[in-house]
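Taking it in order: structure first as structure tokens, then the write-up.
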Amino acid sequence: MLSLNRLRIALSARAALHPNRPVCAPKAGSRPAHSLPNRDAWHRKVTAKAPGEERGLTWCTGPGLRTFCTSRVQQGCWNCWNCNLPLGQTPAFFCRSCKVVQPPEEGASYFHIMDCDYTFTLDTQKLQTRYLQLQRSLHPDNFSQKSEEYSESQSALVNKAYKTLRKPLSRGLYMLELEGMGIEEGTDSGADAEFLMELMEINEALDEAQTLEEANKIAQDTKGKLADLTEQTDAALRKGELQTAKALLAQMKYQANIEEKVKEKLSQLM
């Protein structure tokens with residue numbers, strides 16, 4: 001490696017050969033201009049791609065940091081409808097300049113709206129905190145006329161996003177939807193004959209249950225199976241095994257259905 005003095009001599013010679021080209025000596029310890037920032041320093045705000053939505057890649061700037069992120073390609077989606085100044089972020093619920101509520105961003109994922117990591121095992125406590133904060137800020141009583149219309153639309157969207165992401169089953173199904181996959185209603189997708197036979201036996205046992213103890217036993221078994229399926233689904237999604245995740249989520253739908261039936265049975269027996 002060249003010493004600092006020898007490097008300066010080399011740069012001086014280069015400047016003499018190309019007098020019209022500016023040459024700057026790097027500061028000691030500085031990073032070459034072409035190198036990427038450290039991976040740990042990247043601001044990675046994951047916005048899942050909605051089906052059929054066009055997305056682009058862009059460099060975004062932050063305080064003292066050049067960051068890489070994804071942004072939706074849609075002309076004119078960055079300006080406030082009221083003051084026409086740039087919003088600066090997406091999704092933007094309010095304009096930073098005039099503080100007016102903005103219309104919902106079409107195609108924004110629920111993970112982005114709720115400021116959650118794009119992962120199956122998200123932080124539900126953080127999700128709830130975000131939900132309550134947005135609902136307070138977006139309450140229609142805080143606005144009037146056109147802003148009130150937008151606040152109602154935003155509030156409805158936040159409600160839907162929270163309801164979808166709150167439980168593992170609906171969250172997993174939504175993640176499959178973002179990947180262009182889904183589980184059709186009324187099908188036995190991912191369920192083999194042995195599993196379906198087991199479900200029939202559980203349903204029969206539930207119908208025949210005469211005591212709270214019997215119903216609670218089925219409830220505990222179902223809860224354990226759902227917990228196990230949730231762990232398996234998380235592992236499959238982390239590995240990118242979408243077909244496996246789809247089959248597991250189909251089983252979760254059946255177990256969740258039994259869970260609801262157990263609740264009804266318990267209410268009848270109480």
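Miscellaneous remarks
- Qualifying position, being open to solvent by 60 Å² or more (accessible area, probe 1.4 Å) and part of a helix (DSSP H, G or I), among Lys99, Lys163: Lys163
- Residues considered: Gly180, Gly224, Gly172. Of these, the only one that is outside any helix (DSSP H, G or I) and small (Gly, Ala, Ser) is Gly180.
- Scanning the range 220-236 for residues that are over 13 Å from Ala250 (Cβ atoms) and either open to solvent by less than 20 Å² (accessible area, probe 1.4 Å) or touching a strand residue (DSSP E or B) at 6+ places or on another chain (Cβ under 8 Å) (or both) yields one hit, Thr222.
- Here the range 242-270 is the region considered, the condition is being free of Cβ contacts under 8 Å to residues at least 40 places away in the same chain and farther than 22 Å from Leu196 by Cα, and the residue that is least open to solvent (accessible area, probe 1.4 Å) is Ser267.
- So Ala215, is it more than 30 Å from the chain's Cα centre (by Cα) and more than 30 Å from Ala108 (Cβ to Cβ): yes
- Of all residues in the range 82-104, those being over 14 Å from Ser155 (Cα atoms) and either touching a helix residue (DSSP H, G or I) at 6+ places or on another chain (Cβ under 8 Å) or polar (S, T, N, Q) (or both) number 6.
- Selection within the range 226-270 - small (Gly, Ala, Ser) and within 18 Å of the chain's Cα centre (by Cα): Ala235, Ala236, Gly240, Ala245
- Top-ranked residue in the range 83-92 [being modelled with pLDDT of 85 or more, open to solvent by 20 Å² or more (accessible area, probe 1.4 Å) and not polar (S, T, N, Q); ranked as nearest to Ser109 (Cα to Cα)]: Pro86
- Lone unmet requirement of (1) farther than 23 Å from Cys116 by Cα; (2) open to solvent by 90 Å² or more (accessible area, probe 1.4 Å) for Glu179: (1)
- The one condition from (1) open to solvent by 60 Å² or more (accessible area, probe 1.4 Å); (2) over 25 Å from Thr119 (Cα atoms); (3) not acidic (Asp, Glu) that Asn203 does not meet is (1).
- Within the range 122-135, residues that are over 14 Å from Thr164 (Cβ atoms) reach partners that are assigned to a helix (DSSP H, G or I) and not basic (Lys, Arg) with beta carbons closer than 8 Å, at six or more positions or on different chains, in the pairs Leu134/Gln154; Leu134/Ser155; Leu134/Val158; Gln135/Ser155; Gln135/Val158; Gln135/Asn159.
- Scanning the range 105-115 for residues that are at pLDDT 90 or above, surrounded by 15 or more Cβ atoms within 10 Å (Cβ to Cβ) and either more than 16 Å from Leu165 (Cα to Cα) or in contact with a helix residue (DSSP H, G or I) (Cβ under 6 Å, 6 or more places away or on another chain) (or both) yields Tyr110, Ile113, Met114.
- The condition (being within 16 Å of the chain's Cα centre (by Cα) and more than 30 Å from Ser267 (Cα to Cα)) is satisfied by just one residue among Leu165, Leu173, Leu157: Leu157.
- Of the residues making up the range 84-95, those that are within 17 Å of Phe143 (Cβ to Cβ) and not aliphatic (A, V, I, L, M) are Phe93, Phe94, Cys95.
- Check on Phe195, open to solvent by less than 50 Å² (accessible area, probe 1.4 Å), touching an Asp or Glu at 6+ places or on another chain (Cβ under 6 Å) and closer than 30 Å to Thr244 by Cβ: no
- Inter-residue pairs, beta-carbon under 8 Å, first among the small types (Gly, Ala, Ser) and in the range 218-241, second surrounded by 14 or more Cβ atoms within 10 Å (Cβ to Cβ), 6+ apart: Ala219/Glu259; Ala219/Val262; Ala219/Leu266; Ala236/Leu242; Ala236/Thr244; Ala236/Ala245; Ala236/Leu248
The values are calculated or read from the model by the stated rules, or taken from the named source; none is laboratory data. Predicted, not measured: the structure shown is a model, and the values here were computed from it. Don't worry about glycine lacking a Cβ; one is built from the backbone with ideal geometry, like all the others, and counts go over all protein chains shown. With ligands, DNA and RNA removed, areas are computed over all heavy atoms of the protein, side chains included. Shrake-Rupley method; radii C 1.70, N 1.55, O 1.52, S 1.80 Å.
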